[in-house]
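Below is one structure, written out as structure tokens; comments come after it.
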Amino acid sequence: MKVLFFMRSTVYVRNFESTLRTLASRGHRVHVVANPHLPESNDLMARVCRECPEITHSPAPEVPFTAWALLGLELRRAVDYLRYLEPAYADAPKLRLRAERGAPAFVTAVLRRPLVGSPVGRRLLARVLRWCDRAVPRNPAIDAFVASHDPDLVLVTPLVEPGSPQAEYLRSARAAGVRTGLCVYSWDNLTNKGLIHDPLDVVAVWNDAMTREAVELHHVPRGRVVVTGAAAYDHWFGWRPRHDREAFCACVGLPADRPYLLYLCSSQFIAPDEVPFVRRWIAELRAASPILRDASVLVRLHPQNTEQWQAADLDAERVAIWPRAGANPMDTDSRSDYFDSIYHSAAVVGVNTSAQIESAIVGRGVHTLLAPEFRETQAGTLHFQHICGATDGLLHVAGSLAEHAAQLEAAIRGEGDPDRCRRFVETFVRPEGWDAPATPKLVAALEGVAARGRRRPDRGVWWGPLVRPVLHRAAVRLARTEQARKEKAASQERLKEQRERVRGQRRAGLLAAKQRALAEREQRKQQEQARREAERQAREAFEARAYEHYLEVRAWARRMRDAEDLAAVSLSDAERRVIAAIAPLWDATPRTVAALRQQAEPVSGVRPSDYASRDGALAPRLKRAVGFLRKQVGSELFVHEPPELGGFGFNEQGALYNEDTAQFFNVLVALQDAAVLPAFRGNTARRLVWDIGGGWGGFAYQFKRVCPNVTYLITGTPEMFLLSSVYLRSLFPQACCRFYDGASVDRLWRDWERVDFVFAPELALDVLRPPRVDLTLDLMTLRTMGQRRACLHVRRSFEFGSRFFYTLLDGAGEAAGAGEAAGAIDAGRVVNAIERFYWPHPVPQRRDPKLTAAGDGHGLPDPALAHLVGWRRLRV
């Protein structure tokens, strides 16, 4: 037997693979005529042909466009539309609307007339349209194509598309006396598609319900309808899972220790906007009960409705969309994945899809919720009634979410009717019994039709030639209209393409600019990350070196503190308080050293916490005071607080400053006003400066920045060097630093012009022999000492030959604990001690009159005593 099987595309091969293979195994030759479509369906067609040499394949013949073919198509579309106006489709508005969109304009126009639009008028109109369609001549090209294959049987599927384009194949076959048959493709084809317009020798349906549809809706004679069962599903009856449950759950990304519900998506027509429904369905179910809240959800996409899911994010735990791109089960791997997803589930949920029937074959309970958004594609479709019957139906139908949740809970607990699925399958899928496959019965029915031999050729109605002249004029007008429509559509398409091309170029330009911007942003981001990483590494290296400096300085300071010839001096109470406050620095950690600057509060009285916010009076007062001085003398003498080692302050254009910064700026300005500082700046001879006490090292840092060509000597108690020496060594990593060593005093000053900093304990003053001293600095250190020690420092300055002696007498020093404490002396006695060896020259402090009037709290009552510079006397 030679079979010529017309399919609309290779997609339809899926449901007839077993039929094709069985026909081939029984020695029949089958030629499949189907246009290529999806890659997976094309592969299936090629695989069947490769494995069964009796099966061949070709695309549909290229038939020239004719006015007759267009007329026949439009006439059949008109008849198809009229069926949806019948009472059977009164509750199917979406089906009726879809048919109306494809209906010819002439039929919708004529139906607006009162008599024609009545039930009787519609029936008469349908009969006239059928007569006209029967009078349309056959297409000679299709006649020749059928004759070239000389088949014994011509089969078609699905045939019932709007306008039934495949009807022309049947007419050519019947004209040649070839037997014809329709293999109904799916369970919904006879109710929500077009009509069967031509006589057939056999119509193969699945079950008795579809038999009634063929007879009552399509007027097929009962004797020509054969119930075979659903051959498309035969392979599922013997299928077994490929993975166990644990392996499958791991594959899809769900926990194996919890049950999961399988949601099977529907087609684009049934559920055009399914994502919001699924998202709401999951949320409401999980809020309904603890059992459903703990259950996972697996969503499987419909293979022809995946686009809406590509960017979907259900935003819920234990929910997987798999496969993410969707899959049509046409080979062993995809079918195994599909079967396993059903087999391992606790229950299946869907709107209206053939996958619900396949779930019944696997044996899983199938549920649906009558949602308002799907009313027209559930109750509004005739085929949905097949699976939701109260007695022999498949679905557990719920009218509310509460009912739906209760049904799913029962399914998860293993309750319910275990035979429900089997009863439905034996009624709808395999009406001959569970163990009776449909494919052999379908093949036997086809063989029986072909065995009847050729039929009398059906060359059309005898009166066809009589009415064709009239029909031809209508066909020509229709063809012209169609041609004009096509030309207009082509023009609009060209215009659309042109606009799209312009938009595309514009988008491409914008995209290129965006990509460049993104690339530049990414480059900047990478550069910023690299910069931050480099800064982090540099900071870590800096802090590591700072801690190394600390360890070296600490070891030296301990030796100085413990040396027998450097016994503890007589300290004032103010000095003892400061030393006690910084005593923890003897056991400092790397983190403490990394924030060393913030340990200087006991020395300077400046608190880092005051600079956490600009709220309050401090920020504007400091900004005004510094701004006033910078306007007066410029910014050359202004040195910002370095951020290293925990530097802090208000940030002004990326630079820090605080009260210490402002105070040191004042001192430098005073030295400039006293005509002392110019000799220490520029390319002059190397100078030596002695800083009594040294504080925490902040002023030494600023002075060295302003006057780099100096050697800076600091003397003080060993504890203070834990601040000043570590700070200066870390911030001047290339500086040459020397530390007093009682065993080699002479080496301390060897090549002193190349030395940047010299550190010596106070009790070494008697043995220190600096080669020269050009300036002695006292930033309120003498006021914290007793009278004898203060006079000793002034005398040693004179003996060292220091030309200038500077002392700061500003009242702000009292914030550092420098008040009239026991053992300390007042500012007047400091001046008296200086006057013995130096000519005193008060330097008025530059002060903003507005700040002074506002009472900023800084400075002595007499501004003339703020700074004092002594010139060395010739004789004492």
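The values are calculated or read from the model by the stated rules, or taken from the named source; none is laboratory data. Keep in mind the model is a prediction, meaning the values are calculated, not measured. All Cβ positions, glycine included, derive from the backbone under ideal geometry; neighbour counts span all protein chains shown. Areas reflect the complete protein model, heavy atoms only, side chains present, ligands, DNA and RNA absent. Shrake-Rupley method; radii C 1.70, N 1.55, O 1.52, S 1.80 Å.
Being in contact with a helix residue (DSSP H, G or I) (Cβ under 8 Å, 6 or more places away or on another chain) and open to solvent by 80 Å² or more (accessible area, probe 1.4 Å) is the filter here, so list the residues in segment 446-464 that pass it. Correct list: R459 only.
In this entry, A371 passes the filter for residues that are open to solvent by less than 10 Å² (accessible area, probe 1.4 Å) and among the hydrophobic types (A, V, I, L, M, F, W, C). The listed residues are R47, R76, and the only one of them that is touching a His at 6+ places or on another chain (Cβ under 7 Å) and either buried (at least 19 other Cβ atoms within 10 Å of the Cβ) or farther than 17 Å from P158 by Cα (or both) turns out to be R76. Put simply, of R123, R171 the only residue that is closer than 29 Å to V205 by Cα, open to solvent by 40 Å² or more (accessible area, probe 1.4 Å) and among the charged types (D, E, K, R) is R123. For segment 704-713, the set of residues classified as surrounded by fewer than 24 Cβ atoms within 10 Å (Cβ to Cβ) and either touching a Lys or Arg at 6+ places or on another chain (Cβ under 8 Å) or in contact (Cβ under 8 Å) with a residue 24 or more places away in the chain (or both) consists of K704, R705, V706, C707, N709, V710, listed by residue number. Among the residues making up segment 312-322, those that are open to solvent by 30 Å² or more (accessible area, probe 1.4 Å) and in contact with a strand residue (DSSP E or B) (Cβ under 8 Å, 6 or more places away or on another chain) are A316, R318, V319, W322. When the strands (runs of 3 or more DSSP E) confined to segment 1-86 are screened for residues that are free of Cβ contacts under 8 Å to residues at least 40 places away in the same chain, those reaching at least 2 such residues are found at 29-35, 55-58. Identify, please: which residue in segment 53-71 is open to solvent by less than 50 Å² (accessible area, probe 1.4 Å) and touching a His at 6+ places or on another chain (Cβ under 9 Å) and is, among those, farthest from P104 (Cα to Cα)? Ranking the candidates gives I55 first. Tell me whether segment 209-225 contains one or more residues that are open to solvent by 10 Å² or more (accessible area, probe 1.4 Å) and closer than 20 Å to A355 by Cβ. Yes; the residues of segment 209-225 include at least one that is open to solvent by 10 Å² or more (accessible area, probe 1.4 Å) and closer than 20 Å to A355 by Cβ. When we screen L292, L298, L314 for residues that are over 28 Å from F16 (Cα atoms) and in contact with a Ser or Thr (Cβ under 7 Å, 6 or more places away or on another chain), the only hit is L298. Selection of segment 671-687 for residues being open to solvent by 10 Å² or more (accessible area, probe 1.4 Å) and assigned to a helix (DSSP H, G or I) yields Q672, D673, P678, A679. Would you mind stating whether W690 is in contact (Cβ under 8 Å) with a residue 40 or more places away in the chain, in a loop (DSSP other than H, G, I, E, B) and surrounded by 16 or more Cβ atoms within 10 Å (Cβ to Cβ)? No.
Table: residues versus (1) over 11 Å from V220 (Cβ atoms); (2) open to solvent by less than 10 Å² (accessible area, probe 1.4 Å); (3) among the hydroxyl-bearing types (S, T, Y); (4) modelled with pLDDT under 95.
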site	(1), (2), (3), (4)
H149	yes, no, no, no
R179	yes, no, no, no
T191	yes, yes, yes, no
I196	no, no, no, no
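This table checks each residue for (1) part of a helix (DSSP H, G or I); (2) over 28 Å from R375 (Cα atoms); (3) touching a His at 6+ places or on another chain (Cβ under 8 Å); (4) modelled with pLDDT under 95.
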position	(1), (2), (3), (4)
A99	yes, no, no, yes
F106	yes, yes, no, yes
P114	no, yes, no, yes
G117	no, no, no, yes
G121	yes, yes, no, yes
I142	yes, yes, no, no
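Just one of the listed residues (V502, V476) is of a type outside the set (G, A, S), part of a helix (DSSP H, G or I), open to solvent by less than 80 Å² (accessible area, probe 1.4 Å) and over 30 Å from E74 (Cα atoms), and it is V502. Against the definition (of a type in the set (A, V, I, L, M, F, W, C), outside any helix (DSSP H, G or I) and farther than 30 Å from Q787 by Cβ), how does L656 come out, yes or no? Considered against the rule, which asks whether it is of a type in the set (A, V, I, L, M, F, W, C), outside any helix (DSSP H, G or I) and farther than 30 Å from Q787 by Cβ, L656 comes out as yes. Screening segment 191-270 for strands (runs of 3 or more DSSP E) wholly inside it with 1 or more residues that are farther than 30 Å from R134 by Cβ and of a type outside the set (F, W, Y) returns the ranges 260-264. Reported count of residues in segment 256-282, each being of a type outside the set (F, W, Y), open to solvent by 40 Å² or more (accessible area, probe 1.4 Å) and touching a residue at least 40 places away in the same chain (Cβ under 8 Å), is 3. Just wondering, is there one or more residues in segment 356-369 that are in a loop (DSSP other than H, G, I, E, B) and free of Cβ contacts under 8 Å to residues at least 24 places away in the same chain? No; the residues of segment 356-369 include none that is in a loop (DSSP other than H, G, I, E, B) and free of Cβ contacts under 8 Å to residues at least 24 places away in the same chain.
Listed by first and then second residue, the pairs with beta-carbon distance under 6 Å, at least 6 apart or on different chains, first residue in segment 295-313 and within 13 Å of P323 (Cα to Cα), second of a type in the set (F, W, Y), are L298/Y260; V299/Y263; L301/W309. Screening segment 585-628 for residues that are among the β-branched types (V, I, T) and without any contact (Cβ under 8 Å) to a residue 24 or more places away in the chain and picking the one that is most open to solvent (accessible area, probe 1.4 Å) gives T589. Summed over segment 79-102, residues that are more than 17 Å from R130 (Cα to Cα), among the hydrophobic types (A, V, I, L, M, F, W, C) and open to solvent by less than 30 Å² (accessible area, probe 1.4 Å) total 3.
Screening L668, L656 for residues that are without any contact (Cβ under 8 Å) to a residue 40 or more places away in the chain, under 26 Å from P708 (Cβ atoms), of a type in the set (A, V, I, L, M, F, W, C) and open to solvent by 20 Å² or more (accessible area, probe 1.4 Å) leaves exactly one candidate, L656. At least 2 residues being surrounded by 14 or more Cβ atoms within 10 Å (Cβ to Cβ) and free of Cβ contacts under 8 Å to residues at least 60 places away in the same chain is the threshold, and among the strands (runs of 3 or more DSSP E) wholly inside segment 736-782 those reaching it are 737-739, 757-761.
Tell me, yes or no, whether segment 401-413 has at least one residue that is open to solvent by 20 Å² or more (accessible area, probe 1.4 Å), outside any helix (DSSP H, G or I) and under 23 Å from A256 (Cα atoms). There is at least one residue in segment 401-413 that is open to solvent by 20 Å² or more (accessible area, probe 1.4 Å), outside any helix (DSSP H, G or I) and under 23 Å from A256 (Cα atoms).
Here R729 does not qualify as basic (K, R) and outside any helix (DSSP H, G or I).
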